[in-house]
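> I'd like to ask you about the structure that follows.
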Amino acid sequence: MDSNKEQVDDFSLKTLLETIKNWLSFLLSKSKDIIKFSFLFLLLLLAYNYIKSPIHYAKTTFVLDSQSSSNSIGDVASLASLAGINASSFIDASGLFQIDNIQELYKSNSMIIETLLSKSIFDNNEISLINRFGEIEKINRKWKKLGVDFDNYKISKNNKRLHDSILIEASEIIKKEYLIVDKPSRKTTILEIGFDHKDELLAKNFNENLVTIVNDFYFKTKTQKSGKNLEILQRQRDSVKRVLDKSILDLANEDQRVPNPNPLAKTNLVPYQKALIEVQSNGAIYQQVVTQLELAKVTHRNNTPLIQIIDKPTLPLENSKLKFIESLIYGIFGGFLLAIIYFSLVRLYHSLIK
């Protein structure tokens, strides 16, 4: 029984080795054809690489410090408790615009449309990005036939509906084909904003303008509530300070009016005592307002996000065009591998027919 099994194994191994030997002999006989095929593939790859317009990659990487507010809540609460003030009115713990929300903000139509309507320098001329986009995509002629003029978009009211529909359509195309919003790691607050396009200047300028517009919007929205509260308290402080200064002046006048008051004439001391009480009351109010103002300043600083740019697009941009050495390597080895697969399949097909 064992001897039969060994014979079967020997036969299978011999068959496999014979098959491999025949296959290698066949490939060797087709060596000239394989070389020609590899050379042809190399030429096609070189032609494709240098004739086709490359895709340029514009990428901005920045870190968002969204934890500063939560880390400083204890400090604000401690300062408020010392002054006898409820810190909850100053601390905004809603978590507005966390990192995931900012990712969606970059994909919103409003931010993309605002970016498209912004302008940049192209060939020493200031052009709106939507016009540059339409020119490169070769759809601006269609817009002109429809009477669409994005240079006068903000002042033109005749075709506003048509303008808006084109902008929304362009925004959807950009989100689907060109815009990349990525978070490399779930454990970090680093965002990558990319824009890939065959026009190098459009890719760079769109990426830069979008990052500026979205980050400015995020900054203003994040600090809007605490900023308004800070302005109100500053006006209240100035107003109370003027009232306090006036009451101090009134107290001094009353003190000068009766320099040596008669202790038995009680009524003569009433104006002075009233002025003194006024000074004390205004002083206490002023102290409370100043304390709240300092708390508001701390809260405003905590709500102010830190957006630190790590990398930004610089010319020349990285693109999809292969270097000459890379083209040679990919062309030779890729053509050689494809040629082997092709002739092997042809041989297998003929053997099956036979």
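> Can we say Leu27 is over 30 Å from Ala203 (Cα atoms) and either outside the structural domain of Lys198 (by TED's automatic domain parsing) or part of a loop (DSSP other than H, G, I, E, B) (or both)?
Details: over 30 Å from Ala203 (Cα atoms): yes; either outside the structural domain of Lys198 (by TED's automatic domain parsing) or part of a loop (DSSP other than H, G, I, E, B) (or both): yes.
Against the criterion (over 30 Å from Ala203 (Cα atoms) and either outside the structural domain of Lys198 (by TED's automatic domain parsing) or part of a loop (DSSP other than H, G, I, E, B) (or both)), Leu27 qualifies.
> Then there's this: Would you confirm whether any residue within segment 201-218 is touching a Leu at 6+ places or on another chain (Cβ under 8 Å), surrounded by 19 or more Cβ atoms within 10 Å (Cβ to Cβ), basic (Lys, Arg) and touching a residue at least 12 places away in the same chain (Cβ under 8 Å)?
Yes, that holds for at least one residue.
> Is it fair to say Leu230 is in a helix (DSSP H, G or I) and in contact with a helix residue (DSSP H, G or I) (Cβ under 7 Å, 6 or more places away or on another chain)?
Values: in a helix (DSSP H, G or I): yes; in contact with a helix residue (DSSP H, G or I) (Cβ under 7 Å, 6 or more places away or on another chain): yes.
Here the answer is yes, as Leu230 does meet what is asked.
> For residues that are crowded, with 17+ Cβ neighbours inside 10 Å and within 35 Å of the chain's Cα centre (by Cα), scanning just segment 321-339, find the one that is nearest to Thr61 (Cα to Cα).
So, considering only residues that are crowded, with 17+ Cβ neighbours inside 10 Å and within 35 Å of the chain's Cα centre (by Cα), the one nearest to Thr61 (Cα to Cα) is Leu322.
> Now, a different point. Keeping to segment 113-134, report how many residues are of a type outside the set (S, T, N, Q) and in a helix (DSSP H, G or I).
Of all residues in segment 113-134, those of a type outside the set (S, T, N, Q) come to 113-114, 116-117, 119, 121-123, 126-127, 129-130, 132-134.
After this cut, where a residue has to be in a helix (DSSP H, G or I) as well, the list is 113-114, 116-117, 129-130, 132-134.
Number satisfying all stated conditions: 9.
> Right, something else. Determine which member of the set Ala339, Ala296, Ala252, Ala275 is among the small types (Gly, Ala, Ser), touching a helix residue (DSSP H, G or I) at 6+ places or on another chain (Cβ under 9 Å) and closer than 30 Å to Leu64 by Cβ.
Ala296 is the lone residue from the list that is among the small types (Gly, Ala, Ser), touching a helix residue (DSSP H, G or I) at 6+ places or on another chain (Cβ under 9 Å) and closer than 30 Å to Leu64 by Cβ.
> Determine which member of the set Leu24, Leu17, Leu13 is exposed (fewer than 12 other Cβ atoms within 10 Å of the Cβ), modelled with pLDDT under 75 and out of contact with any strand residue (DSSP E or B) (no Cβ under 8 Å at 6 or more places or on another chain). Please lay out each step first, then the result.
Working: Leu24 fails: modelled with pLDDT under 75; Leu17 fails: modelled with pLDDT under 75.
Residue meeting the stated conditions: Leu13.
> Would you tally the residues in segment 302-320 being surrounded by fewer than 15 Cβ atoms within 10 Å (Cβ to Cβ) and outside any strand (DSSP E or B)? Talk me through it step by step, then tell me what you get.
Quick first cut of segment 302-320, residues surrounded by fewer than 15 Cβ atoms within 10 Å (Cβ to Cβ) only: 306, 308-311, 314-316, 318, 320.
After this cut, where a residue has to be outside any strand (DSSP E or B) as well, the list is 314-316, 320.
Qualifying residue count, segment 302-320: 4.
This table checks each residue for (1) under 28 Å from Ile139 (Cβ atoms); (2) among the aromatic types (Phe, Trp, Tyr).
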residue	(1), (2)
Ile190	no, no
Ile193	yes, no
Asp199	yes, no
Thr212	yes, no
Tyr218	no, yes
Thr221	no, no
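> Does segment 164-178 contain any residue that is assigned to a loop (DSSP other than H, G, I, E, B), surrounded by fewer than 17 Cβ atoms within 10 Å (Cβ to Cβ) and either touching a residue at least 24 places away in the same chain (Cβ under 8 Å) or not polar (S, T, N, Q) (or both)? Break it down into steps so the answer makes sense when it comes.
Kept after step one, since they are assigned to a loop (DSSP other than H, G, I, E, B), are these residues of segment 164-178: none.
No, because not a single residue in segment 164-178 is assigned to a loop (DSSP other than H, G, I, E, B), surrounded by fewer than 17 Cβ atoms within 10 Å (Cβ to Cβ) and either touching a residue at least 24 places away in the same chain (Cβ under 8 Å) or not polar (S, T, N, Q) (or both).
> Sticking with this one: Name the residue, out of Phe219, Phe206, that is of a type in the set (Phe, Trp, Tyr), within 30 Å of Thr61 (Cβ to Cβ), at pLDDT 90 or above and assigned to a helix (DSSP H, G or I).
Values: Phe219 fails: at pLDDT 90 or above.
Result: Phe206 is the single residue among Phe219, Phe206 that is of a type in the set (Phe, Trp, Tyr), within 30 Å of Thr61 (Cβ to Cβ), at pLDDT 90 or above and assigned to a helix (DSSP H, G or I).
> Moving to a separate point now. Please tell me if Lys297 is surrounded by fewer than 17 Cβ atoms within 10 Å (Cβ to Cβ), in contact (Cβ under 8 Å) with a residue 24 or more places away in the chain and assigned by TED's automatic domain parsing to the domain that holds Ile248.
yes
> Six or more apart or on different chains, Cβ under 7 Å: which pairs go from a residue in segment 273-290 that's within 9 Å of Ser247 (Cβ to Cβ) to one that's surrounded by 13 or more Cβ atoms within 10 Å (Cβ to Cβ) and among the small types (Gly, Ala, Ser)? Could you list them?
Within 7 Å, the pairs are Ala275/Ser247; Glu278/Ser247; Val279/Ser247; Asn282/Ser247.
The values are calculated or read from the model by the stated rules, or taken from the named source; none is laboratory data. Since we're looking at a predicted model, the values are computed, not measured. Note that we place each Cβ from the backbone using ideal geometry, even for glycine, and neighbour counts take in every protein chain shown.
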